[in-house]
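What follows is one structure encoded as structure tokens, with my remarks underneath.
The values are calculated or read from the model by the stated rules, or taken from the named source; none is laboratory data. Note that the structure is a prediction, hence the values are computed from the model and not measured. Here the Cβ positions follow ideal geometry from the backbone for every residue, glycine too, while neighbour counts run over all protein chains shown.
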Amino acid sequence: MVVTFPNMGNVAIAAKTLCQGLALPYVMPETNNSKTLAVGSYYAPEEICLPFKLILGNFILAARQGADTMWITGSCGPCRFGEYCELAMRTLKKLGYRTDFVVADLSSDVGVKEFIRRIGTVAAASPVHPVEKLRALRLAYQVVELCDRLDAKAYERAGYEVHKGECRRLLHEYKTKVRKTESPEETMEVLQDYGRRLDAVPADKSKNPLNVSIIGEIFTIIDPFSNLYIEEKLMGYGVSSKRMLSPSWWVKNMIGKPFRLGSRDVYKASDPYLKYSVGGHGKECVGEAALAKAQGMDGAIQVFPLGCMPEVVAKSILPVIQEDKGIPIMTLIVDEVTGEAGYITRIEAFLDLLKGRRNQNQKASHPRAALNMRQFPSKGV
Amino acid sequence: MKIGLPRGLMYAKYHTFAKTFLEELGAEVVVSPPTNKKILDRGVRCCVDEACLPMKIFHGHVDWLKDRCDALLTPRLIGVRDKEYICPMFCGLIELISNNIPDLPPLIDAPVTSLEYGKLIKWAKQAGGFIQKDDTKIALAFDRARKAQQMEQIGYNEAGYPLKIALVGHVYNIYDQFINMNVKKKLNELGIGVMTYQQVDRGDIDAQIQTLFKKPFWTFAGEYYGASVYISKKGLADGILYLSSFSCGIDSVMTELIQSEIGDFPFMVLKLDEHTGEAGFDTRIEAFSDMLKRRCEFGRHLS
């Protein structure tokens, strides 16, 4: 049994840690790149969304390297993410690979018995002691949490750094190093080390950078390749960005939901606009947009893959939020043919707009404010 | 009281129920005209760009109706069977129309999670309460509407043609002659009879779904899959024509699953959106029918 798992942001690092802790052989997928996408979109159905194409690309490339057990998270609707496992399974079979799939569905969806059976298949293959297995699981969670925290720190501090590009460099360094570590302990060490280094980055507190919230479909915002490295681009412009959705958020929210914990404020904020769940993270997207202004954000950028049904619903609501809360929101839709130049132009234009708005507000608050201040046209951003 | 009923999306399947229910409650029902170019244009103007064609057309119907009635019946369809869903866009349909179409009359938007009696009667009381305050009258109207819906036969199975094609896809694509450019007439003219996938029993569909690793959580998607596989196995038709709307998430998955299951049984997917040209559509249908004819002439082993 050689395990592999898709690149879903930091999930891959957690899965790697888990495999090391369980002493299971594994194939670590390369960070997503144009080859992954080319292979994935060649074999995937034409109209399926971008995340599936990347996940399939990961699986096929790993299968070529000898992986035969695919780990994938599942869901039971209404978004098509739940059908990924079925499609990937059939495609790999058609290509002649003999693979087993371990689909992590929620026990409430597939039944407790099936859930335990699936966990059992993973646990049974591991030679280590049951206590070690639990420890490996705990470590994997700690790793993904730490990674997410590091990312968030880097994205935020980029707006304040004195030497431009330092946060971005550290982010790159830790990402490359952490993929090469040999044991969970080593991974933790690297992460803690880089946590300290990021804290030590000289920051200029007097800077007042633009703050942008990244919202939208979870896969495309946690996997930098699929959103054309939007957060790193923002770092380059000296903009602080914030993103709520992350793998560790997902775990916390999943566990907390039945106990009415988790991101209650977000759900509460989305209720006036979207009362019912539309699948995926459409409700979260709307809630975050509604909260962005109160969180001190200058604007929000929604990213989702072409054809994502829940986010299309969210997108149609965002103009109303824009008007209500007075915060500009831009939507970027990505797929395998997204051109980078046009993408950058739009981001730059959006940032210019945010800057312009800020200057205008400052002027407006000045006692000799111009009398006929032109209102920011909030429609059609 | 005038209640508007948009002739879009699930109207194709549940119009008898909706009309009877409203009429029995004493409301005057205003139905928008059959889809036409003007309605499509209205829909495209107000709908979010990324939505699929049937959604845009629904917006057009709502836009047409908004000045002509006192309220609109647009239930929020979350699911039609227990613990299953339909397309996620339906869950957010009310938000789509209320945020994109200005000056809407009140919407009767009580959610429907299942068509089972116990749950649907709750919906009826919520929705009917808008027109009629008397609960017993609502219950009576509901029962009559249900009976009328059960009497209604949806779909057709034409005999008397040398060849037969099964139409599979969303009801709002199969039965809306504007969206599908009257594909039935086109096929008939080519000497091909048409059957719709509703001719396959639910039991047979369920038996086919069992072969999947994961039972589809979209009710209708399961029906398309089960019916297509059953039709191909039993040879109920000579080919399958899947009418799919562009950027439909469900179709992107189901066409692939069906194709991988039925092997080399003739199967064609036609994509529909507001730019679909009729000439190209005709060419593809003609090519498909030529292929079917040749297949029948020379025997099935050749293709």
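When region A:283-311 is filtered for residues that are touching a Pro at 6+ places or on another chain (Cβ under 9 Å) and in a helix (DSSP H, G or I), the ones remaining, listed by number, are A:283, A:285, A:290, A:309, A:310, A:311.
For (1) of a type in the set (A, V, I, L, M); (2) under 19 Å from the mean Cα position of the chain (by Cα); (3) surrounded by fewer than 18 Cβ atoms within 10 Å (Cβ to Cβ), each residue gets a yes or a no:
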{"site": "B:3", "(1), (2), (3)": "yes, no, no"}
{"site": "B:17", "(1), (2), (3)": "no, yes, no"}
{"site": "B:24", "(1), (2), (3)": "no, no, no"}
{"site": "B:38", "(1), (2), (3)": "no, no, yes"}
{"site": "B:50", "(1), (2), (3)": "no, no, no"}
{"site": "B:56", "(1), (2), (3)": "no, yes, no"}
{"site": "B:62", "(1), (2), (3)": "yes, yes, no"}
{"site": "B:73", "(1), (2), (3)": "yes, yes, no"}
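Considering every residue within region A:19-40, establish whether at least one is within 16 Å of the chain's Cα centre (by Cα), within 14 Å of residue A:226 (Cα to Cα), in a helix (DSSP H, G or I) and not polar (S, T, N, Q). There is no residue in region A:19-40 that is within 16 Å of the chain's Cα centre (by Cα), within 14 Å of residue A:226 (Cα to Cα), in a helix (DSSP H, G or I) and not polar (S, T, N, Q).
Among the conditions (1) within 14 Å of chain B (Cβ to nearest Cβ); (2) buried (at least 21 other Cβ atoms within 10 Å of the Cβ); (3) in a loop (DSSP other than H, G, I, E, B), residue A:76 misses just one, which is (2).
Looking only at region B:155-189, residues that are among the β-branched types (Val, Ile, Thr) and assigned to a helix (DSSP H, G or I) come to 3 in all.
If you filter region B:1-31 down to residues that are of a type in the set (Gly, Ala, Ser) and touching a strand residue (DSSP E or B) at 6+ places or on another chain (Cβ under 7 Å), you find that the one that is nearest to residue B:96 (Cα to Cα) is B:4. Restricting attention to region B:234-251, the residues that are of a type outside the set (Ser, Thr, Tyr) and either free of Cβ contacts under 8 Å to residues at least 24 places away in the same chain or under 19 Å from residue B:158 (Cα atoms) (or both) total 9. Apart from one condition, residue B:290 fits all of (1) without any contact (Cβ under 8 Å) to a residue 60 or more places away in the chain; (2) in contact with a strand residue (DSSP E or B) (Cβ under 7 Å, 6 or more places away or on another chain); the exception is (2).
Within region A:141-154, does at least one residue satisfy the condition of being crowded, with 20+ Cβ neighbours inside 10 Å, of a type outside the set (D, E, K, R) and within 14 Å of another protein chain (Cβ to nearest Cβ)? No: zero hits.
Within region B:123-147, the set of residues being farther than 19 Å from residue B:3 by Cβ and over 24 Å from the mean Cα position of the chain (by Cα) comprises B:136 only. Checking B:182, B:173 one by one, the residue that is touching a residue at least 12 places away in the same chain (Cβ under 8 Å), not assigned by TED's automatic domain parsing to the domain that holds residue B:41 and not small (Gly, Ala, Ser) is B:173 and no other.
Of all residues assigned to region B:206-215, at least one qualifies as being touching a Gly at 6+ places or on another chain (Cβ under 8 Å), outside any helix (DSSP H, G or I), closer than 30 Å to residue A:278 by Cα and not acidic (Asp, Glu).
The single condition among (1) within 14 Å of chain B (Cβ to nearest Cβ); (2) in contact (Cβ under 8 Å) with a residue 24 or more places away in the chain; (3) buried (at least 23 other Cβ atoms within 10 Å of the Cβ) that residue A:270 does not meet is (2).
Meeting the requirement of 1 or more residues that are within 20 Å of the chain's Cα centre (by Cα) and within 13 Å of chain A (Cβ to nearest Cβ), the helices (runs of 4 or more DSSP H) wholly within region B:217-303 are B:219-234, B:249-262. Whether a residue is under 20 Å from residue B:168 (Cα atoms), buried (at least 20 other Cβ atoms within 10 Å of the Cβ) and small (Gly, Ala, Ser) was assessed, and residue B:249 passes this test. Just to be sure, is residue A:280 part of a loop (DSSP other than H, G, I, E, B), surrounded by fewer than 19 Cβ atoms within 10 Å (Cβ to Cβ) and modelled with pLDDT under 90? Considered against the rule, which asks whether it is part of a loop (DSSP other than H, G, I, E, B), surrounded by fewer than 19 Cβ atoms within 10 Å (Cβ to Cβ) and modelled with pLDDT under 90, residue A:280 comes out as no.
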